[in-house]
Each structure stands twice: as C-alpha cells, then as structure tokens.
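The values are calculated or read from the model by the stated rules, or taken from the named source; none is laboratory data. Treat the numbers as computed from the prediction; the structure is a model and nothing was measured. Side chains included, ligands, DNA and RNA excluded: accessible areas come from the protein's heavy atoms. Shrake-Rupley method; radii C 1.70, N 1.55, O 1.52, S 1.80 Å.
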Amino acid sequence: MSKKLFASDYDGTFYISPDGVKKEYLDAVARFREAGNLFGIITGRSYDSAMEIFRKYSDHLDFFMCMNGAYAIDRDRNVIFRYMGDGSVIYPMMKLFSETGCIYLNYSVDEATYGFDEKVPLTEEDVAGMKKHDHFTQICTAFSESILDEMVEKIRAEFGDKVSIQLNGCCVDLPPFGVTKGNSVRRMAEHFGVSPENVFTAGDNNNDVSMLEGNYGYTLPHGTDAAKAAAKKILNNIAEMIGDVMNNH
C-alpha cells in the first residue's frame, strides 16, 4: 500500500472551539500513522504561537508548517524548508497598515515575531528595527470588514510582486510571494516521497483553498463558501476525514 500524507489546518479544523482537539481526532491520527502514513499541521500562525500547538501535539505529528507554509519543520524541530521575502517591504507595509486603522500589526523574521500598537505612530526605534532586516517570513494584519476589500486591493497594487495575500476572515496574512498552503503541502509531499494522488488536506477558510483544490481536500460544514467549492468532500470532523482516506483511498 502506498504511503499517504494528510495535512490539516489547525484553527477551525483540527481545533474546533469550544471543544478543542477531541480524543477521537488524536486516535484517528494514531491509526493513520500506525498504518505507515504521515500526518501534520499547517497553520497561518506565527512561529511563537504555532509552537504552543507543536509542543502539545508533537507526538502525533510527522511535520509542522506555520506562517501559511513559509516555515516547515519535522517532529524533531529540524527545518525542512523556509521561504524568505524581501525585507525592504517591511517598513512601507507596516507604515501603510499603521496609518489605515488596522486591527493588529506584526511581522515575523524566521522564528521571531515583532508586534506593534497600531493606534500610535511608529517610533524611530520601530522603524530602525524594521529596516535592519534583509528578509521576512510573514507580515500580518487585519482590517474591519468595511475597509478589508479596499486594503487588499491596495496591497495587491503596491506589493503584489513581493507578498502572497492569504485571507482568513478579516485577517490578512502576507508570506513571501508564491507561498501558499497548497505549494508548501506539495513541497512537503516531495520531501517525504509521497506521490500527488496520495496527498490529502483539510481546512475551513479561504487561506486553505489552495491546498484543498490542489489535492484531495476536505472541509467542514462551517467552512467558507470558497473552501466548500474547493473541497472534494464536506465531513463533520478530522476523524471522519481520516477514516474516509483509510477506507476509500
């Protein structure tokens, strides 16, 4: 039997509020891996936030990707791959966002994340810190619904050749250009020698669409319209999805 790889989004997919990660999900993952398959998480979270997840569930994971797939590690925290964007865009983007009433504001350089108060002007020290970096791993912000579409178009017009726009509700994640969950799952499968027809994914939001439509994708009843359109099946939870893979593929 050919080895399979399953990559799951975390928030809203593997972890569903208010119940969290149920034992039945972990049991399903254990059965999947005991059969010689590979399971991992891919999340939009920054490294620091993502590591809270990794530390809790590392015994159940073969790989882990954060920042929408811009930074990938194995279960021993060895870096499998990472993407680096042009650091010169950090300051102009953060300046733009800080002046437009964003909800939050931060950027990551590999494992370090720098957050700022969007309600006050950036200080000279802030600016100096931004300009010292020659690369970034992800820039993050969020906008109210009233200006979200306008700001996304502005980002696309001014920085569309530098960043990859990944939307998750009102949150706007900006990994380096070309980085999507779909591309990173594909690269992870190549790393483990898993053929494309044996790659399965699960997600519930718009930043999951690339990996849902690029593989055999699953979503949940609460998934966005875009996620539902991209997925092959809509099932109730990750345990049902893994069961479907093992029984029908």
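Name the residues whose placed amide hydrogens come within less than 5 Å of the amide hydrogen of F81, ignoring near sequence neighbours (fewer than 5 apart) on the same chain.
Close amide H contacts, sequence-distant or interchain: A72.
Mean-square fluctuation check for the chain, GNM, Cα pairs under 10 Å: which of G203, G12, G69 is largest?
Maximum fluctuation in the GNM of the chain, among the listed residues, is at G12.
Using helices alone, I'd like the mean residue ellipticity at 222 nm for the chain: each DSSP H run of four-plus residues gives -39500 (n - 2.57), total over residue count, nearest 500. Before the final figure, lay out each step's value.
Numbers: 9 runs with 89 residues, N = 249.
After summing the helix terms and dividing by the residues of the chain, the value is -10500 deg cm²/dmol.
Figure the gain on full extension for D76 and K3 (residue separation times 0.36 nm, minus the Cα-Cα span) and round it to one decimal in nm.
Details: separation 73, 0.36 × 73 = 26.28 nm, distance 2.06 nm.
Here the answer is 24.2 nm.
Convert each backbone phi in the stretch 225-232 into a coupling constant with the Karplus relation 6.51 cos²θ - 1.76 cosθ + 1.60 (shift: θ = phi - 60°), then list the ³J(HN,Hα) values in order as whole Hz, x for Gly and Pro.
Working through the residues one at a time gives 4, 5, 5, 5, 5, 7, 7, 7 Hz.
Sorted by accessible area with a 1.4 angstrom probe, largest first, how do E213, E111 fall?
E213, E111
Counting DSSP beta bridges in the stretch 147-235, what percent are antiparallel, to the nearest 5? Working shown, then result.
Working: 4 of 9 bridges.
Here the antiparallel bridges make up roughly 45 percent for the stretch 147-235.
Which shape class, rounded, prolate or oblate, goes with the stretch 131-187 when its Cα gyration tensor gives a ≥ b ≥ c as root eigenvalues, a/c under 1.5 marks rounded, and past that a/b bigger than b/c marks prolate?
Oblate, because a/c is 1.5 or more while a/b does not exceed b/c.
Could you sort L167, L148, L5 by accessible area so the largest value comes first, with the probe set to 1.4 Å?
Largest accessible area first, the residues go L167, L148, L5.
For the chain, count all C-alpha to C-alpha pairs, find those more than 31 Å apart, and express that count as a whole percent of the total. Don't skip to the answer; put the middle values down first.
Details: 7087 of 30876 pairs.
The answer is 23 percent, as a whole percent.
Give me, ordered by chain and number, the residues 5 or more places off T43 or on other chains with an amide H under 5 Å from its own placed amide H.
For T43, whose amide H was placed from the backbone, the distant partners under 5 Å are M65, C66, M67, N68, G69.
Considering only DSSP beta bridges where both residues belong to the chain, give the percentage that are antiparallel (nearest 5).
If we restrict to bridges inside the chain, about 60 percent are antiparallel.
If S46, S144 are ordered by their accessible area, calculated over protein heavy atoms with a 1.4 Å probe, which sequence runs from highest to lowest?
Working: S46 25, S144 50 Å².
Listed by decreasing accessible area, they come as S144, S46.
Determine the shape class of the stretch 107-231: with a ≥ b ≥ c the square roots of the Cα gyration tensor eigenvalues, call it rounded for a/c under 1.5, and otherwise prolate if a/b is greater than b/c, oblate otherwise.
oblate
Tell me which residues come under 5 Å, amide H to amide H, from N168 once H is placed; ignore anything under 5 positions away on its chain.
Those qualifying (amide H under 5 Å, at least 5 residues apart or on another chain) are D173.
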